[in-house]
Amino acid sequence: MSKEIFAAIEQIEKTKGIPQEVLKEAVEAALLSAYRKNFRSSHKGVSVTLNPQDGTIKVFARKTVVDKLRDSVTEILEEEAKRLGFDAQVGDVVEIEVTPQDFGRIAAQTAKQVIIQRIKEAERDLIYEEFVEREGEIITGIISKREGNNVIVDLGKTDALLPFSEQTSTENYRIGERMKFYIVEVKKTSKGSRIVLSRTHPGLVRRLFELEVPEVHDGLVDIRAIAREPGVRSKVIVESRSDNVDPVGSCIGNRGSRVKNITDELRGEKIDIIKWSNDPRALIAESLSPARVIRVELDEETNTARVFVPEDQVSLAIGKDGQNARLTARVTGWRIDINREENGGQKENTD
């Protein structure tokens, strides 16, 4: 039966990728526990050893060599130790084999249980190690099922959770639909890895640009900031690291092909691509696109930008429900105060 245990351990290493030594140590620990339970041994100096070379399972007990026996469990007489082949003197510690005759049957049952459990644990560990390194990355999954307001996503090797708080209100998550997700968090739990996904995180937009725009992936174009209202609109500020690369043109692509692919993946979410400027006034004016800005006045004490636009551009600058001004404030870091240029620069909206 011990040969079958070793064969199983070897097979598991090949098929599951679990090192033999890891399984061997787990089985030895379980066999030691089984030995103490079944043979009522409280001796702390007991160990169990699996020997792959000869296919044996043996139990050893550490005993102190004495000239007068007081405790047969933890001590051995000097002459007995010498008879067993040990070159030992009083005070030395030797390891004596104490394998019970019936230990093989117990070992087989215990090893089977441990191996099954260890396989499950190792598979969980492998999944955790794989996905924990991918936190903050993008992954493709298939909508598997719904659990209340949450969505379960099949990632192939394991399932992940798309909580209601990470879902976009404009999207329908249909069973069987393939989508890209942002990995927000990976945690190890008693039941395995808990992988939390998002469709609302700004990082999803960033990763999609890295996938679709080689210049972003290669670092020639840097994404400086992203502000997003998921499913509706995003503003993305980009900067070129090379004089020969147009950051906005690179992100838009030929006939808008690159940004269209990103918009399609985000189910129609509009994306404004803004060229970075060291001048906050120019950056704010550009970020308020498609509105035309006449001038921008900065109040650094209150971190407020007073933006003046033509009267017919006020609604466009503010945007529906204040969205354009709100996203501009978030992406630039300035409070945006929209004003009409006519009628003495009358103030129209503050965000």
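Annotation note: Cβ proximity below 9 Å between a residue of segment 58-81 that is in the same structural domain as P100 (by TED's automatic domain parsing) and within 25 Å of L32 (Cα to Cα) and a residue that is surrounded by fewer than 16 Cβ atoms within 10 Å (Cβ to Cβ) and of a type in the set (F, W, Y) (sequence gap 6+ or interchain) occurs for V59/F39.
Exactly one residue out of V151, V186, V216, V196 is aliphatic (A, V, I, L, M), crowded, with 18+ Cβ neighbours inside 10 Å and out of contact with any strand residue (DSSP E or B) (no Cβ under 6 Å at 6 or more places or on another chain): that is V216. Looking at the structure I just gave you, is R174 in a strand (DSSP E or B), over 14 Å from I138 (Cβ atoms) and basic (K, R)? Taking the combined requirement at face value, the residue does not satisfy it. Of all the residues in segment 256-285, those that are over 14 Å from R228 (Cα atoms) and surrounded by 21 or more Cβ atoms within 10 Å (Cβ to Cβ) number 5. Of all residues in segment 144-164, those being closer than 20 Å to P230 by Cβ and touching a residue at least 24 places away in the same chain (Cβ under 8 Å) number 6. With respect to the stated conditions, D246 fails to be acidic (D, E), surrounded by fewer than 16 Cβ atoms within 10 Å (Cβ to Cβ) and within 33 Å of the chain's Cα centre (by Cα). Can you say whether K145 is farther than 30 Å from E25 by Cβ, assigned by TED's automatic domain parsing to the domain that holds R194 and not polar (S, T, N, Q), as far as the supplied structure shows? Judged against the criteria, K145 is a match. Under the condition of being acidic (D, E) and not in a loop (DSSP other than H, G, I, E, B), which residue from segment 190-232 is farthest from N150 (Cα to Cα)? Among those residues, the one meeting the criterion is E215. Might you let me know whether segment 115-126 holds any residue that is without any contact (Cβ under 8 Å) to a residue 12 or more places away in the chain and either of a type in the set (A, V, I, L, M, F, W, C) or touching a His at 6+ places or on another chain (Cβ under 6 Å) (or both)? Scanning segment 115-126 turns up at least one residue that is without any contact (Cβ under 8 Å) to a residue 12 or more places away in the chain and either of a type in the set (A, V, I, L, M, F, W, C) or touching a His at 6+ places or on another chain (Cβ under 6 Å) (or both).
The values are calculated or read from the model by the stated rules, or taken from the named source; none is laboratory data. On a predicted model such as this, the values are computed, not experimentally measured, just so you know. Backbone-built Cβ (ideal geometry, glycine too); neighbour counts: all protein chains shown.
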